[in-house]
2 protein chains.
Amino acid sequence: MGKVYVIGIGPGEPAYMCGRAKEAMEEADVIFGYTSYIRLLREYFPDKHYVDTPMRQEVKRCRLALEEAAAGRCAALVSSGDAGIYGMAGLLYEVLFERQQEGCCLDVTVEVVPGITAAQMAAALLGAPLMHDFCVISLSDLLTPWEQIEKRLSLAAQGDFVLCLYNTGSRGRPDYLKRAAAVLLAAREGSTPVGIVRNAGRPGQEVGLTQLSALPDVWTDMQSVVVIGNSATFIRDGKMITPRGYRL
Amino acid sequence: MGKVYVIGIGPGEPAYMCGRAKEAMEEADVIFGYTSYIRLLREYFPDKHYVDTPMRQEVKRCRLALEEAAAGRCAALVSSGDAGIYGMAGLLYEVLFERQQEGCCLDVTVEVVPGITAAQMAAALLGAPLMHDFCVISLSDLLTPWEQIEKRLSLAAQGDFVLCLYNTGSRGRPDYLKRAAAVLLAAREGSTPVGIVRNAGRPGQEVGLTQLSALPDVWTDMQSVVVIGNSATFIRDGKMITPRGYRL
């Protein structure tokens, strides 16, 4: 029986990949992924057979991996971070179900291997901002209407959740973070601590701290995660801490 | 200079621990943790020096680790899952700041090492429920007023977030999940898919699927994670999938 591993490779540096992900990489006959992640993996697993496809070819990548498994081999599909968080795991299952309806890939098993997602790496670098209830929201409106994103930002702000924002900026939409900040500022103090981490756990890593009132003027890109504290979060000695509530 | 690693050891099986966590375990002179995690780690790192403390001695554990580091040694403080998500990272920093005010631990550095948290392991086992914006909420009211928890549940349900519930049950409070379900049912369809994972990634692992209307009658304990889908989440072939929104 063929198998597809959907592997979260973590932030980038192999030290943050989990053991199960390494085992799955070793076991795979062919590894499919987005060009820039494949470039990274080639360094650490040089003897493997890779097939890289450019961005926006996610469906094709899933089909190729499933065809490999349908032929009785072991395929791996890699995502950065956690394959199960905005990653390739869901799409792989959706394409699998579609292909099975067409009579293909009937004898294929799937294993999702989790990985460290950008919010976790960012949190570890910032201090300890995720000690209490939190939300993860993507600001990309490629697949989600912007009104839905704004609604979620507003409700999360009202609920005093810690917020982790993904896909905070790109060349095509430079003002999304500014618009998100305006929504958050309607419900939260301007002095709320904010952490910004670019390239968390990979070359070019940058860690910065600011506050919500300054967020509209912060520049970020698709490699940046923004973490917004709750009403108890504080910054001290360059670290962003959300108290869990223990008495010292 | 002394150092404290705050290490997320992941769900339990060492295959899901990341490489950096293993390196930090090896480097540490003394490893501090809750008794049951220390028992687990002794199996995989038998030659280390461990100090285990029972539950509710979290502050003491942090002080001991910091004193070790203040003496110029390398201490490790272990949490299950991710030390940065409801883990020991925040408390360690808080105790450090307090001790530094008293003149202790001035020459100590801290590194938080992230790990796979229960929601990620549960998601990987369930299928792919976290493909879209999600919230993580703890139902424990030991450190948070129950009204605050109910408010967050209600806002997250209104926002059509996927929800991951931690600390869903214990002997002392058997009805918390029932009360949470009632709040969620006020805003979401009874047919909303729900996944329940007990002992994710450790011995005794159990994976189950149900729907929101049945959640009030589900029994869980402190080792259970409950994942509630958004309005697009579906169950097929025993897997719980939240579509990301790609066109197939």
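Data table
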| read-out | value |
| --- | --- |
| Only Lys, Arg (+1) and Asp, Glu (-1) charged, at Cβ; region B:2-116 dipole about Cα centre in debye | 220 debye |
| Values of log10 I(q)/I(0), in the order q = 0.08, 0.12 Å⁻¹, for chain B under a Debye, Cα-only, solvent-free model | -0.35, -0.74 |
| Estimated dipole of region B:116-223 in Debye, rounded to 20 [Cβ of Lys and Arg +1, of Asp and Glu -1, Cα centre] | 200 debye |
| Given charges at Cβ of Lys, Arg, Asp, Glu: region A:1-116 dipole, positive-most of A:Ala15, A:Met1, A:Gln100 | A:Ala15 |
| Rounded if a/c under 1.5, otherwise prolate or oblate - region A:119-241, Cα gyration tensor axes | oblate |
| For region B:2-116, the Rg and Dmax computed from alpha carbons only, in angstrom | 12.8, 41 |
| Rounded FRET efficiency, nearest 0.05, which uses the C-beta distance separating A:Leu142 from A:Thr109 and R0 of 22 Å | 0.10 |
| Crossing angle, helix B:58-70 versus chain B [Cα axis fit, 0-90 degrees, rounded to tens] | 40 degrees |
| GluC sites (Glu not before Pro) restricted to region A:73-119 and DSSP loop, no more than 11 other C-beta within 10 Å | A:Glu102 |
| Accessible-area ranking of A:Trp219, A:Trp146, largest first, probe 1.4 Å | A:Trp219, A:Trp146 |
| Using alpha carbons only: equivalent-ellipsoid semi-axes of region B:49-106, gyration tensor based, whole Å | 18, 14, 10 |
| Pairs of Lys in chain A closer than 18 Å at Cα, counting only those 8 or more apart or on different chains | 5 |
| Contact order normalised by residue count of chain A, Cα under 8 Å, 6+ apart, percent | 20 percent |
| DSSP bridge pairs, the protein assembly as shown: antiparallel proportion in percent, nearest 5 | 45 percent |
| For A:Lys178, inter-copy label distances in nm, listed shortest first [label point 7 Å out on the Cα-Cβ vector] | 5.3 |
| Per-copy distances of the A:Glu26 label point, shortest first, in nm (7 angstrom along Cα→Cβ) | 1.5 |
| Part-to-part distance (alpha-carbon centres) for region A:154-189 and region A:36-66, which is given in Å | 32 Å |
| Inter-chain Cβ neighbour average for residues B:19-26, partner chain, 10 Å | 3 |
| Residue among A:Leu212, A:Ala187, A:Leu155 farthest towards the positive dipole end of region A:152-248, charges placed on Cβ | A:Leu155 |
| Most mobile listed residue (A:Ala156, A:Ala232, A:Ala15) in chain A, GNM with C-alpha springs under 10 Å | A:Ala15 |
| Nm distances between copies for A:Asp141, ranked from closest, using label points 7 Å along Cα→Cβ | 4.0 |
| Neighbourhood net charge (13 Å Cβ-Cβ; Lys/Arg +1, Asp/Glu -1) for A:Glu26 | -1 |
| GNM result for chain B, Cα springs below 10 Å: residue of B:Ser224, B:Ser80, B:Ser213 fluctuating most strongly | B:Ser213 |
| Spatial separation of Cα centroids for region A:198-226 and region B:87-109, in angstrom | 26 Å |
| B:Glu13 - accessible surface, heavy atoms, 1.4 Å probe, Å² rounded to 10 | 80 Å² |
| Degrees separating the helix B:146-158 axis from the principal Cα axis of chain B, which is the longest one | 50 degrees |
| For the protein assembly as shown, the Rg and Dmax computed from alpha carbons only, in angstrom | 21.5, 70 |
| Cα long-axis angle, helix A:35-44 against chain A (0 to 90 degrees, to the nearest 10) | 80 degrees |
| Using distinct alpha-carbon pairs, which all enter the 1/r mean, Kirkwood radius of region A:132-175 in Å | 11.0 Å |
| Estimated dipole of region B:57-130 in Debye, rounded to 20 [Cβ of Lys and Arg +1, of Asp and Glu -1, Cα centre] | 180 debye |
| Cleavage-rule hits, trypsin sites (Lys or Arg not before Pro), region A:186-248, DSSP coil, Cβ neighbours within 10 Å at most 11 | A:Arg247 |
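The values are calculated or read from the model by the stated rules, or taken from the named source; none is laboratory data. All values reported here derive from a predicted model rather than from experimental measurement. Note that each Cβ is placed from the backbone with ideal geometry, even for glycine, and that neighbours are counted across all protein chains shown. SASA here: full protein model, heavy atoms, side chains in, ligands and nucleic acids out. Shrake-Rupley method; radii C 1.70, N 1.55, O 1.52, S 1.80 Å.
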